[in-house]
1. Does segment 44-105 classify as rounded, prolate or oblate by the C-alpha gyration tensor (a ≥ b ≥ c root eigenvalues; a/c under 1.5 gives rounded; else a/b over b/c gives prolate, otherwise oblate)?
2. Over segment 27-123, what is the relative contact order in percent, taking alpha-carbon pairs closer than 8 angstrom and at least six residues apart?
3. Counting other C-beta atoms within 10 Å, which of 57, 97, 102 has the fewest, and how do the rest follow?
4. Based only on other Cβ atoms within 10 Å, what is the fewest-to-most ordering of 87, 93?
5. Fewest first, what order do 82, 96 take by the number of other Cβ atoms within 10 Å?
6. For segment 72-124, what class follows from the C-alpha gyration tensor (a ≥ b ≥ c being the square roots of its eigenvalues): rounded when a/c is under 1.5, otherwise prolate if a/b is larger than b/c, else oblate?
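What follows draws every value from the coordinates through simple rules; no lab data is involved. As the structure is a prediction and not an experimental result, all values here were calculated from the model. Every residue, glycine as well, gets a Cβ built from its backbone with ideal geometry; the counts of neighbours run over all protein chains shown.
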């Protein structure tokens, strides 16, 4: 039983170590302007009023645009995109407002906060 407990402990510790590193290495979808920490954008979205956002559809931009290059590898079903989507869904007034703008919430792949507090959502 001692070998089993040792193996289980070692695998749990390594899983936590790799999980922390992968979260720290997330793409720029969770970066906020002037505020460190990847969770800040999710907190900002949860408290955002329904009128303080912009929408950018990546397919309407030129392929050479830096925003397209920044978010082209982020899938709508990825962990970082789902965290942002969950924050939007948690903010009922914001999610209703986005849906009224014909935004499919599951197509959000990123978000950034501007210095004036406005959040820009990037859609596939």
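1. Prolate shape, in that a/c is at least 1.5 and a/b is the bigger ratio.
2. Numbers: 153 pairs, mean separation 39.5, N = 97.
Value for segment 27-123: 41 percent.
3. Details: 57 12, 97 17, 102 7.
Neighbour counts put them in this order, fewest first: 102, 57, 97.
4. 93, 87
5. 96, 82
6. Details: a/c = 1.59, a/b = 1.16, b/c = 1.37.
Verdict is oblate for segment 72-124.
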